[in-house]
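The values are calculated or read from the model by the stated rules, or taken from the named source; none is laboratory data. Quick caveat, the model's predicted, so the values are computed rather than measured. Ideal geometry is used to build each Cβ from the backbone, glycine not excepted, and the neighbour counts take in all protein chains shown.
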Amino acid sequence: MNYFEEGQLVETKIVAIYGDNIFLDLNMKSEGIIDSSEFITPDGTLSVKVGDTISAYFISADHGEMHFTTRLKGDKANTAVLEKAFEAGIPIEGIVEKEIKGGFEIKIGESRAFCPYSQMGYRQKEEPSYFIKRTLPFLIQEFNREQHNILVSNRAFLEIEEKEKLEKLKQSLAQGMKVKGIVTKLQSFGAIVNVEGIEALLPISEIKFKRVEDIEKELNIGDEIEAKILSIDLDNRRMSISSKALLQDPWDTIRERFKEGDRFEGTISKIANFGLFVNLEEGIDGLIFVSKLPNTGENTNLAKLYKKGNKISVQIETIDTKEKRISLAPAKSVEEESIVKKYMENQEDDDSDTYNPFAAFLKNKK
């Protein structure tokens with residue numbers, strides 16, 4: 001008694017591997033069998049192991065043994081095999097012999113089939129020469145025994161394969177999960193990362209908490225990274241990820257390192273019409289409004305007075321942890337503070353003006 005129809009696609013687990021046979025769990029008294037040669041990689045190794053879940057087509061039952069395949073071998077296929085593959089919708093392998101008008105001539109056993117250009121490949125389009133002499137899986141779309149007309153499609157097979165893959169990914173990937181991926185492209189707006197076959201976008205703003213100016217200084221093609229899934233739409237093969245989301249936000253502990261009134265030497269990170277952004281540490285910038293800067297007016301061009309990357313002494317006025325904002329004011333440098341302190345000490349000891357530390361300081365600046 002058969003519990004499966006010929007050509008039925010079944011998802012099952014591998015329970016044992018012995019020699020040339022792989023045994024499949026069917027939740028029945030008998031197990032399914034599939035030839036291990038279907039999973040041999042080009043370097044001769046077996047690509048599956050016990051416990052793996054695979055999808056396979058039921059092809060026949062023989063004395064209680066249920067036989068499955070991921071695709072029929074086309075090298076010895078006869079007309080009966082081709083007709084069976086067509087009726088059951090089972091993939092069959094064929095060799096792309098040559099390019100002909102409108103598409104490709106495919107050799108399947110002793111038969112010749114036709115695959116149109118539009119039915120070769122799937123998402124990534126290759127030049128016709130790429131496919132010549134390759135052995136590829138096909139689904140038979142039309143089969144006419146009398147006229148020996150066979151129309152096949154490689155794309156139809158790949159679409160089914162892709163659909164199965166996406167269904168599995170829907171079970172294993174979700175928003176908020178931590179994933180690993182390989183950087184495949186670098187763009188000015190971010191990096192493209194391969195996450196289990198899906199091209200995910202890592203925006204430049206999601207790499208680190210600090211402002212990233214040059215992405216190539218942070219990432220290289222081929223890097224393996226960990227990230228958190230921000231959004232995912234597998235039906236449209238879209239995913240947005242963040243490596244920053246796995247790092248501790250420096251704002252969470254900012255009160256441990258900064259408080260109102262503290263003075264720091266920061267670095268100008270951005271110049272805007274309304275003021276200067278000053279970096280205090282990685283991921284923490286404060287703002288000095290133009291109205292607080294010396295020698296400035298309503299129409300002052302700050303870019304002429306200040307340069308990005310320059311050091312500047314600042315004092316923290318307010319810290320807003322909720323909005324993640326720090327308001328700054330210009331402050332005297334440590335050197336200037338030392339001069340002032342020395343001046344005040346000398347004033348207490350000697351009212352004469354024989355020594356003027358400000359004059360000395362300005363002289364050294366010249």
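So here's what we get for this one:
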{"read-out": "Counted residues, the stretch 1-36 - those being modelled with pLDDT of 85 or more, exposed (fewer than 14 other Cβ atoms within 10 Å of the Cβ) and of a type in the set (Ser, Thr, Tyr)", "value": "1"}
{"read-out": "Total residues in the stretch 262-307, condition touching a Ser or Thr at 6+ places or on another chain (Cβ under 9 Å) and of a type in the set (Gly, Ala, Ser)", "value": "3"}
{"read-out": "Which numbered condition Gly176 misses (of (1) outside any strand (DSSP E or B); (2) in contact with an Asp or Glu (Cβ under 7 Å, 6 or more places away or on another chain); (3) closer than 27 Å to Gly283 by Cα)", "value": "(2)"}
{"read-out": "Boolean, Lys332 is in contact with a helix residue (DSSP H, G or I) (Cβ under 8 Å, 6 or more places away or on another chain), assigned to a loop (DSSP other than H, G, I, E, B) and modelled with pLDDT of 55 or more", "value": "yes"}
{"read-out": "Positions within the stretch 1-59 being assigned to a loop (DSSP other than H, G, I, E, B) and of a type in the set (Val, Ile, Thr), in sequence order", "value": "Thr41, Thr45, Val48, Val50"}
{"read-out": "Whichever residue in the stretch 225-249 is assigned to a loop (DSSP other than H, G, I, E, B) and touching a helix residue (DSSP H, G or I) at 6+ places or on another chain (Cβ under 9 Å) and, among such residues, is nearest to Leu166 (Cα to Cα)", "value": "Arg237"}
{"read-out": "Flag if Val314 is at pLDDT 90 or above, under 27 Å from Glu256 (Cα atoms) and either surrounded by fewer than 17 Cβ atoms within 10 Å (Cβ to Cβ) or more than 38 Å from the chain's Cα centre (by Cα) (or both)", "value": "yes"}
{"read-out": "Single unsatisfied condition, Gly222 versus (1) surrounded by 13 or more Cβ atoms within 10 Å (Cβ to Cβ); (2) under 15 Å from the mean Cα position of the chain (by Cα); (3) assigned to a loop (DSSP other than H, G, I, E, B)", "value": "(1)"}
{"read-out": "Residue that is surrounded by the most Cβ atoms within 10 Å (Cβ to Cβ), among those in the stretch 273-307 that are under 33 Å from the mean Cα position of the chain (by Cα) and aliphatic (A, V, I, L, M)", "value": "Val278"}
{"read-out": "Of all residues making up the stretch 101-138, the number that are surrounded by fewer than 11 Cβ atoms within 10 Å (Cβ to Cβ) and not charged (D, E, K, R)", "value": "4"}
{"read-out": "Total residues in the stretch 174-187, condition surrounded by fewer than 16 Cβ atoms within 10 Å (Cβ to Cβ), within 9 Å of the chain's Cα centre (by Cα) and not basic (Lys, Arg)", "value": "2"}
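Let's see how each residue does on (1) at positive phi; (2) outside the structural domain of Glu38 (by TED's automatic domain parsing); (3) in a helix (DSSP H, G or I):
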| site | (1), (2), (3) |
| --- | --- |
| Ile90 | no, yes, no |
| Val96 | no, yes, no |
| Arg112 | no, yes, no |
| Gly121 | yes, yes, no |
| Gln124 | no, yes, no |
| Pro137 | no, yes, no |
| Glu146 | no, yes, no |
| Phe157 | no, yes, yes |
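Results for (1) more than 30 Å from Lys13 (Cβ to Cβ); (2) surrounded by 14 or more Cβ atoms within 10 Å (Cβ to Cβ); (3) among the β-branched types (Val, Ile, Thr), shown as yes or no for each residue.
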| site | (1), (2), (3) |
| --- | --- |
| Lys163 | no, no, no |
| Ser172 | no, no, no |
| Phe189 | yes, no, no |
| Leu201 | yes, yes, no |
| Glu206 | yes, yes, no |
| Phe209 | yes, yes, no |
| Glu226 | no, no, no |
